[in-house]
Every structure is written in C-alpha cells, then in structure tokens.
Amino acid sequence: MAESIFSITIRSLYVSSVASLLAFIAATLLSLVASQLTRRRAEMVLSFFESLVGVPTTVIGLLVYMLLFPGGPLGFLRILYTPYAIIIGEFFVALPMAFTTMFRHFYSLRDSVRELVLSLGEPEKHVPRLLLRELTPILVSSYLTSFSRAIGELGVALIVGGGIEGYTNVLTTAIAIQTSIGNYEYAIWIGLILILITIAITFAVKIVGEYILWR
C-alpha cells in the first residue's frame, strides 16, 4: 500500500524547512560580511550567486552524492539515502536564492544605518543588529522564497534521498515514482498538495512585499 499523503507532506515540510532555514542563516551571515566589500567586489559576489541559482538541481544532487557516497570525502557519515542527505542537498539549492534576494538590500542600507548608529553615539558593533531589524520583511520574504525553491526541487531529493517509502519519500519524489508506476490519481493528489503549498508561499511573499512597499 502506498504511503499516506499526510506523512509525505509532513516529511517534505520538515526537510525543506530545515534546509531553507540553514541556507537562510548562511545567506544572512554572508550578506553581512559581503556588504562591507567594495562595490565591484560585491557585484562579483552577487553575480557568482546569481549564476548558481540557475544550476540544475540534478547537478547539485550529483555533487552531493559524490560527497556522501561510501568512497567520498564525507562517506564516513553514512547519511546517503537519508533525510539528512536531502537537507544538505536542498541547503545548496536554497542558499543562492536566499542570498540573491537579500544581499542588495544589505549593501544599499549598510552605509546609511552605519551613519545613523554613529550619529547617535552608539558603537559600530550595533550596526548588524539594527540592519537586521530594518530588513526584517526582506528577510522573511527571502526565507519563504528559498523554502519554495527547496520544497519544489526533484533532482537532489531523488539522487541522494532515493525516494524510499516511509523514510526519504517527499512530495516531488512521490509524484515522480507514482507517475512512473501508473498510479496517476495518487500522483495528482500529491501534486495538488505541492501546488497549494506553493500558492500559499507566493501569497505570503506578496503580502510581505506589499508591506515593504507601504511601510
């Protein structure tokens, strides 16, 4: 009997949430550091991450597989074909998206925030905290966008997760597997769940965007 749609959905939400949260934290730290670079170097960093956004997820999955398979550099961890492997893969899928959606805002606001902090007689170490506070809506939108990117990918989940029923099967791999065996009705229901999640995220990003526009 096929695994329940509920358990697949919960697993997908968990894996993608953790992966996108880790990517979001990494992107935020990178943005704080890179925002101190000169304009030319900052543009180079941004261009690099923008190019990574277009890398096919199957390529990312293959690279992660090469890291995690028994003879690979991280093979000793023995996490290939586990949810942890999918989290690592989706981290690399979501990171470029998270960075590119927030970095320009960090770079454009850092100098003005720094001047404000210094004019108030506060130490410069308070700049990152105030910058993060000012960019809270942008950060929320960035996380939601990276989460959407992670939960909708197939290549990584299939290559390093294997779509093992009851263990690593997520929404995208379930759709692919059920379609391949001719269980179209089941695949359609899973697809509808994924579409609803994507629509919900899109509306959330739109609401956050309107808040940013009118604040």
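Readers should treat all values here as calculations from the given coordinates under stated rules, not as data from a laboratory. These numbers come from a predicted model, not from an experiment. Every residue, glycine among them, receives a Cβ derived from its backbone with ideal geometry; neighbour counts consider all protein chains shown.
State the three equivalent ellipsoid semi-axes of segment 106-215, derived from the C-alpha gyration tensor as the square roots of 5 times its eigenvalues, in descending order and whole Å.
That gives 43, 16, 8 Å for the three semi-axes.
Rounded to the nearest 500, what is the 222 nm mean residue ellipticity of the chain from helices alone, with -39500 (n - 2.57) per DSSP H run of 4+ residues and division by all residues?
Here the helix-only value at 222 nm equals -25500 deg cm²/dmol.
If you rank MET66, MET97 by fewest surrounding Cβ atoms within 10 Å, what's the result?
Ordered by Cβ neighbours within 10 Å, fewest first: MET66, MET97.
Between ARG40 and TYR14, what is the FRET efficiency for a Förster distance of 45 Å, r being their Cβ-Cβ separation, to the nearest 0.05? Walk me through the numbers before you get to the answer.
On the way: r = 41 Å, r/R0 = 0.91.
Approximately 0.65, to the nearest 0.05.
Filter the chymotrypsin sites (Phe, Trp or Tyr not before Pro) in segment 115-207 to those in DSSP coil with at most 14 other Cβ atoms within 10 Å of their Cβ, and list the result.
For chymotrypsin sites (Phe, Trp or Tyr not before Pro) across segment 115-207 that sit outside H, G, I, E and B with at most 14 neighbouring Cβ atoms in 10 Å, the list reads TYR167.
In the chain, which helices (entire DSSP H runs) extend 30 Å or more along their own long axis, judged by Cα positions, while averaging at least 1.6 on the Kyte-Doolittle scale?
On the way: long enough: 5-34 (42 Å, 1.87); 83-119 (49 Å, 0.74); 184-214 (44 Å, 1.73).
Both cut-offs are met by 5-34, 184-214.
Taking the chain as a Gaussian network, where each spring joins two C-alpha atoms under 10 Å apart, which residue of LEU135, LEU120, LEU95 fluctuates the most?
Answer for the Gaussian network model of the chain: LEU120.
I'd like to know which of LEU30, VAL127, ALA204 lies farthest towards the positive end of the charge dipole of segment 5-214, counting +1 on Cβ of Lys and Arg and -1 on Cβ of Asp and Glu.
VAL127
Suppose every K and R has +1 on its Cβ and every D and E has -1 on its Cβ; what is the size of the dipole of segment 96-203 about the Cα centre, in Debye to the nearest 20?
240 debye
Residues with beta-carbon under 11 Å from that of THR172, excluding THR172: net charge, scoring Lys, Arg +1 and Asp, Glu -1? Don't skip to the answer; put the middle values down first.
On the way: positive: none; negative: GLU90, GLU153.
Summing Lys/Arg as +1 and Asp/Glu as -1 gives -2.
Is there a quick way to get the dipole size of the chain? I mean about its Cα centre, with the Cβ of Lys and Arg at +1 and of Asp and Glu at -1; what is the value in debye to the nearest 20?
Details: 14 positive and 13 negative charges, 107 e Å.
Charge dipole of the chain: 520 debye, to the nearest 20.
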